[in-house]
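Report on one structure; see the data block that follows.
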Amino acid sequence: MQLYDVELSSRLMLGTARYPSPAILTEAIKASGAEIVTVSLRRESSGERAGQGFWSLIRELGVRVLPNTAGCHSAKEAVTTAHMAREIFGTAWIKLEVIGDEHTLQPDVFGLVEAARILCADGFQVFPYTTEDLVVAEKLLGAGCRVLMPWGAPIGSGRGLNNVLGLRTLRSHFPDVPLVIDAGIGVPSHAAQAMEMGFDAVLANTAVAQAGDPVKMAAAFAKAVAAGREALMADPIEPRDLAVPSTPTIGKAFLA
Amino acid sequence: MKILVNGDLHDVVVPTLAAVLDELGYRDRAIATALNGEFIPASARSSAVLSEGDRVEVLAPMQGG
C-alpha cells in the first residue's frame with residue numbers, strides 16, 4: 001500500500017490515546033504491527049514533562065507518525081495546529097480534523113475542505129477525516145488530498161460501519177484513491193469487513209486502548225485486517241437470496 | 001508586562017517570545033508556539049516581540065487518535 005508515495009506493508013494504523021499505561025501502549029503498537037500511529041498536540045506547562053516522555057517513547061519505536069488536529073472546530077484553528085504539528089513532529093503528514101458537532105464529533109466538511117485547500121497548497125500531505133459523502137470527497141481531492149479517511153461511525157462509538165451502502169459507493173466511486181476507514185471501529189470483525197469491502201486500511205484507537213487486554217486486541221486487529229485484505233484478494237462470492245446446495249446432487253441415492 | 005501563556009497569567013519582563021520561553025523553563029523542549037492564534041516557528045521566536053495582553057500557546061506532543 002502506498003500513502004503519499006510511502007510504501008507500507010501494514011494496513012492497520014493505531015491511535016495512541018487512552019491506553020492504561022505507556023508500557024501497554026508500547027506493547028500494543030508492537031503487537032499491532034502498525035507502521036503508522038496517530039499523535040496529537042496539547043498545552044504543556046513548563047513544569048510538565050509528559051509530552052516529552054511520550055514523544056521519546058514513540059521515536060524509540062521507529063514508527064511513522066500521523067499527527068492530528070483533533071479538537072479543532074474551525075479551518076483556521078486546524079491550519080495553525082497543522083503548522084505546529086509539522087514543526088514538532090517533523091512530518092508533512094497531517095490527519096486533518098475539523099469538528100462540526102460536539103455530540104457526534106462529525107466533521108465540519110465545509111471547514112475541512114477549506115483547511116485542506118490551504119494546507120495542500122502549503123506543502124502538507126493531508127489525510128482528511130471526512131464522511132462518506134461523495135461530493136465532499138471530490139472537493140477534498142480537488143483541494144489536493146491524495147488519501148481520504150471516511151468515518152465508519154462516530155469517534156469512539158465502536159459501532160462499526162454505520163453506512164455500509166454509502167461507504168461501498170464511495171469505494172466504487174474512487175477506485176484508485178487510498179481510502180482509510182477512520183473512527184467508529186469497535187471489534188476486529190468491523191475492520192475485516194472494511195477490508196473485505198476494498199478499503200485500503202483501517203485506523204483503530206479506542207477499540208484497542210480501552211479493551212480489557214489492549215495488547216491482545218491489537219494482535220487480533222492485525223489478524224483481522226490481514227484476513228479481510230486476503231479475502232478481498234481471493235475474490236469473494238456474491239451473496240444470493242436462495243440456497244444453493246454445496247454438496248453435489250448428482251449420484252445421490254434415491255431412498256424416499 | 002502581563003501575558004497569557006496557555007491560559008495562565010504571567011508577569012514577564014523580557015520582550016520576545018524566545019526569551020519568555022527561556023524564562024519559563026521551556027528551553028530544549030519539543031514544543032511549538034503560537035502567538036494570538038498565529039503559528040510562530042522556532043526560527044522566528046527571537047524576533048517575535050510581545051505586547052501587554054498577548055496570548056501565547058505552547059504545545060507539546062500528546063497521545064492522539
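The values are calculated or read from the model by the stated rules, or taken from the named source; none is laboratory data. In this text the structure is predicted, and so the values were computed from the model without any measurement. Glycine gets a Cβ as well: all are built from the backbone with ideal geometry, and neighbour counts include every protein chain shown. Surface accessibility is based on the protein's heavy atoms, side chains included, excluding ligands, DNA and RNA. Shrake-Rupley method; radii C 1.70, N 1.55, O 1.52, S 1.80 Å.
Considering every residue in A:37-48, what mean count of other chain Cβ atoms within 10 Å of its Cβ is obtained? Don't skip to the end; give the middle numbers.
On the way: counts 3, 3, 5, 6, 8, 7, 10, 10, 9, 11, 2, 2.
Mean partner shielding for this stretch: 6.
Using the beta-carbon distance between B:L9 and A:S56 and R0 = 35 Å, what value does 1/(1 + (r/R0)^6) give for FRET efficiency, to the nearest 0.05? Intermediate results must be reported in sequence, preceding the final value.
Numbers: r = 31 Å, r/R0 = 0.88.
After rounding to 0.05, the efficiency reads 0.70.
Share of antiparallel DSSP beta bridges in the protein assembly as shown, in percent to the nearest 5?
Details: 20 of 44 bridges.
Taking every DSSP beta bridge with both residues in the protein assembly as shown, the antiparallel ones total about 45 percent.
Using a Debye calculation, one point per C-alpha and no hydration shell, please list log10 I(q)/I(0) for region A:155-256 at q = 0.19, 0.21, 0.24, 0.25 Å⁻¹ in order.
Calculated log10 I(q)/I(0) at the listed q: -0.93, -1.08, -1.29, -1.34.
Cut-off under 17 Å on the C-alpha distance; same-chain residues fewer than 8 positions from B:K2 excluded. Which lysines are left, in chain and number order?
none
From largest accessible area down, sort B:T33, A:T206; use a 1.4 Å probe on the protein chains. Mind dumping the intermediate values first?
Working: B:T33 0, A:T206 35 Å².
Ranked from most to least accessible, the order is A:T206, B:T33.
Put a dot 7 Å past each Cα toward the Cβ at A:V164 and A:L134; how far apart are the dots in nm?
The modelled label-to-label distance comes out at 2.0 nm.
Mind pulling up the Rg/Rh value for region A:94-234? Radius of gyration and Kirkwood radius, both on Cα.
Values: Rg = 14.8 Å, Rh = 15.2 Å.
Across region A:94-234, the Cα-based Rg/Rh ratio is 0.97.
Please report how far the C-alpha centroid of region A:19-88 lies from that of chain B, rounded to the nearest whole angstrom.
20 Å
Give the percent of DSSP beta bridges with both residues in region A:1-134 that are antiparallel, rounded to the nearest 5.
Of the beta bridges lying entirely in region A:1-134, close to 20 percent run antiparallel.
Rounded to the nearest 10 Å², what accessible area does A:E7 have for a 1.4 Å probe in the complete protein model?
Here the residue's solvent-accessible area equals roughly 120 Å².
Quick one: ranking A:M217, A:M233, A:M84 by accessible area, 1.4 Å probe, largest first, what do you get? Write down the numbers at each step before the final one.
Working: A:M217 50, A:M233 125, A:M84 5 Å².
Solvent-accessible surface, decreasing: A:M233, A:M217, A:M84.
Which of the residues in region B:8-43 lose at least 50 Å² of accessible area when you go from the chain alone to all protein chains together (probe 1.4 Å)?
At a threshold of 50 Å² (probe 1.4 Å), the residues of region B:8-43 that become less exposed are B:R29, B:F39.
Using r as the Cβ-Cβ distance of A:Q2 and A:K252, and R0 as 45 Å, what FRET efficiency do you calculate, to the nearest 0.05? Don't skip to the answer; put the middle values down first.
Values: r = 51 Å, r/R0 = 1.14.
Given R0 = 45 Å and the Cβ-Cβ separation, E is 0.30.
With n ≥ 4 as the cut-off for DSSP H runs, can you work out [θ] at 222 nm for chain A, using -39500 (n - 2.57) per run divided by the number of residues, rounded to the nearest 500?
Numbers: 9 runs with 104 residues, N = 256.
Helices in chain A give a 222 nm mean residue ellipticity of -12500 deg cm²/dmol.
How large a share of the accessible area of the protein assembly as shown, in percent, is made up of carbon and sulfur atoms when the probe is 1.4 Å and the other protein chains stay in place?
Numbers: 8200 of 15180 Å².
Within the protein assembly as shown, the accessible surface is 54 percent carbon and sulfur.
Got a sec? What order do B:L21, A:L105 fall in by accessible area at 1.4 Å, biggest, i.e. largest, first? Before the final figure, lay out the partial values.
Working: B:L21 10, A:L105 50 Å².
From most exposed to least exposed: A:L105, B:L21.
Please identify the helices of chain A, taking whole runs of DSSP H, that span at least 24 Å along their own axis as judged from the Cα atoms and have a mean Kyte-Doolittle score of -0.5 or higher. Numbers along the way, then the final one.
Details: long enough: A:214-233 (28 Å, 0.77).
Flagged H segments are A:214-233.
Charges on Cβ only, +1 for Lys and Arg, -1 for Asp and Glu, centred on the Cα centroid of the protein assembly as shown; of B:A60, A:T81, A:I250, which one is farthest towards the dipole's positive end?
So the residue furthest toward the plus end is A:I250.
What total accessible surface area, summed over both chains, is buried at the interface between chains B and A, computed with a 1.4 Å probe and given in Å² to the nearest 100? Intermediate values should be presented prior to the final figure.
Values: alone 4280 and 13250 Å², together 15180 Å².
Counting protein atoms only, the buried area is about 2300 Å².
Taking +1 at the Cβ of each Lys and Arg and -1 at the Cβ of each Asp and Glu, which of B:L4, A:S32, A:A209 sits farthest along the dipole of the protein assembly as shown towards its positive end, judged by Cα position relative to the Cα centre?
Going by the charge dipole, the pick is A:S32.
Determine by what factor the alpha-carbon radius of gyration of the protein assembly as shown differs from 2.2 N^0.38 Å, reporting the quotient.
Against the compact-globule rule of thumb, the ratio is 1.16.
Count the lysine pairs in chain A whose Cα atoms sit under 20 Å apart, keeping only pairs 8 or more residues apart in sequence or on different chains.
Lysine pairs satisfying the spacing and distance rule in chain A number 5.
Compute the FRET efficiency between A:T104 and A:L242 as 1/(1 + (r/R0)^6), taking r as their Cβ-Cβ distance and R0 = 41 Å, and round to the nearest 0.05. Walk me through the intermediate numbers first.
Values: r = 39 Å, r/R0 = 0.95.
After rounding to 0.05, the efficiency reads 0.60.
Between region A:116-144 and region A:182-234, what is the separation of their alpha carbon centroids in Å?
25 Å
Taking only DSSP H segments of four or more residues, each worth -39500 (n - 2.57), what value at 222 nm results for chain B once the sum is divided by all its residues, to the nearest 500 deg cm²/dmol?
Helix contribution divided over all residues of chain B: -3500 deg cm²/dmol.
Give me the Å³ per residue figure for the convex hull around the C-alpha atoms of region A:1-146. Walk me through the numbers before you get to the answer.
Details: hull volume 18.7 nm³, N = 146.
Normalising the Cα hull of region A:1-146 by residue number yields 128 Å³.
With the contact rule set at Cα under 8 Å and sequence spacing of 6 or more, what percent relative contact order holds for region A:194-254? Present the calculation step by step, with values, prior to reporting the outcome.
Values: 23 pairs, mean separation 22.6, N = 61.
For region A:194-254, the relative contact order is 37 percent.
Can you pull a Stokes-Einstein diffusion coefficient for chain B at 4 °C (1.567 mPa s), Rh from Kirkwood over Cα pairs, as a whole number of µm²/s? Intermediate values should be presented prior to the final figure.
Working: Rh = 12.0 Å.
Taking Rh from Cα pairs, D becomes 108 µm²/s.
Where does the charge balance sit around A:S40 when Lys and Arg score +1, Asp and Glu -1, over other residues with C-beta under 10 Å from its C-beta?
In short, +1.
Rounded to the nearest 20 Debye, what is the dipole magnitude of chain A about its Cα centre when Lys and Arg each give +1 and Asp and Glu each give -1 at the C-beta? It would help to have the intermediate numbers written out before the result.
Numbers: 22 positive and 27 negative charges, 94 e Å.
My answer is approximately 460 debye.
Among DSSP beta bridges whose residues both lie in region A:64-213, state the antiparallel percentage, nearest 5.
Bridges in region A:64-213 are about 10 percent antiparallel.
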